[in-house]
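Asker: I'd like to ask you about the structure that follows.
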Amino acid sequence: MSASVLIVDDEQLLVRTLSSVLSEYGYRITVAGSAEEAAPRIFGQERFDLILLDNRLPGESGIDLMQRIREQAVRSKVILMTAYGTAEVRRQVERLEVDHYLTKPFDLGVVVEEVRALIGPVVPVPTVSELNPT
């Protein structure tokens, strides 16, 4: 079974790009445009190996949703994404023990590396020798 990733972000272009790239690596992708849309999925019957969570969302912030995730002992790994990496956000990230923190804009390769580091690869990445057989 492939690993599941929930992307919570209101930037549709970023959501489509992350969805496309991560699904190419074999991850099952679910998307939500707000914390309010994501919450029933996170706290309901669905289980996600990883949540890619934007901090600035319409309505409830990513940090607020992260607080509820920790309070309810959801076992998903979480990568918090933000374009506003203030000292206060970094303090909150540390306090809530977010698994990883990315400042936008970021390189998609870095996202893939972090996802693979946190929940493991789904599709094996070929080695150089496999790509260039002798």
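Asker: Say we look at segment 71-84 and pick out the residues that are surrounded by fewer than 14 Cβ atoms within 10 Å (Cβ to Cβ) and not aliphatic (A, V, I, L, M); which of these is nearest to Gln12 (Cα to Cα)?
Answerer: Residue satisfying both the conditions and the ranking: Tyr84.
Asker: If you don't mind, there's one more thing I want to ask. Any idea which of Val15, Val74, Val89 is assigned to a loop (DSSP other than H, G, I, E, B) and either touching a helix residue (DSSP H, G or I) at 6+ places or on another chain (Cβ under 8 Å) or hydrophobic (A, V, I, L, M, F, W, C) (or both)?
Answerer: Answer to the check: Val74.
Asker: Just the residues that are in contact with a strand residue (DSSP E or B) (Cβ under 6 Å, 6 or more places away or on another chain), farther than 18 Å from Ala3 by Cβ and assigned to a helix (DSSP H, G or I), please, taken from segment 92-125.
Answerer: Val93
Asker: Mind listing whichever residues of segment 36-63 are surrounded by 14 or more Cβ atoms within 10 Å (Cβ to Cβ), more than 24 Å from Asp107 (Cα to Cα) and out of contact with any Phe, Trp or Tyr (no Cβ under 8 Å at 6 or more places or on another chain)?
Answerer: Glu37, Ala38, Ala39, Glu60
Asker: Next up: Taking the condition of being part of a helix (DSSP H, G or I) and under 15 Å from Val5 (Cα atoms), how many residues in segment 41-68 meet it?
Answerer: Residues in segment 41-68 being part of a helix (DSSP H, G or I) and under 15 Å from Val5 (Cα atoms): 3 in total.
Asker: Does segment 92-101 include one or more residues that are at pLDDT 95 or above, out of contact with any helix residue (DSSP H, G or I) (no Cβ under 6 Å at 6 or more places or on another chain) and buried (at least 19 other Cβ atoms within 10 Å of the Cβ)?
Answerer: no
Asker: Follow-up. So for segment 77-85 (the condition being modelled with pLDDT of 90 or more and over 22 Å from Glu113 (Cα atoms)), does at least one residue qualify?
Answerer: Scanning segment 77-85 turns up no residue that is modelled with pLDDT of 90 or more and over 22 Å from Glu113 (Cα atoms).
Asker: Out of the residues in segment 21-58 that are of a type in the set (A, V, I, L, M, F, W, C) and in contact (Cβ under 8 Å) with a residue 40 or more places away in the chain, state the one that is farthest from Ala73 (Cα to Cα).
Answerer: Val21
The values are calculated or read from the model by the stated rules, or taken from the named source; none is laboratory data. Please read these numbers as outputs of a predicted model, since none were measured by experiment. Quick reminder, even Gly has a Cβ in these numbers, built from the backbone with ideal geometry, and neighbours come from all protein chains shown.
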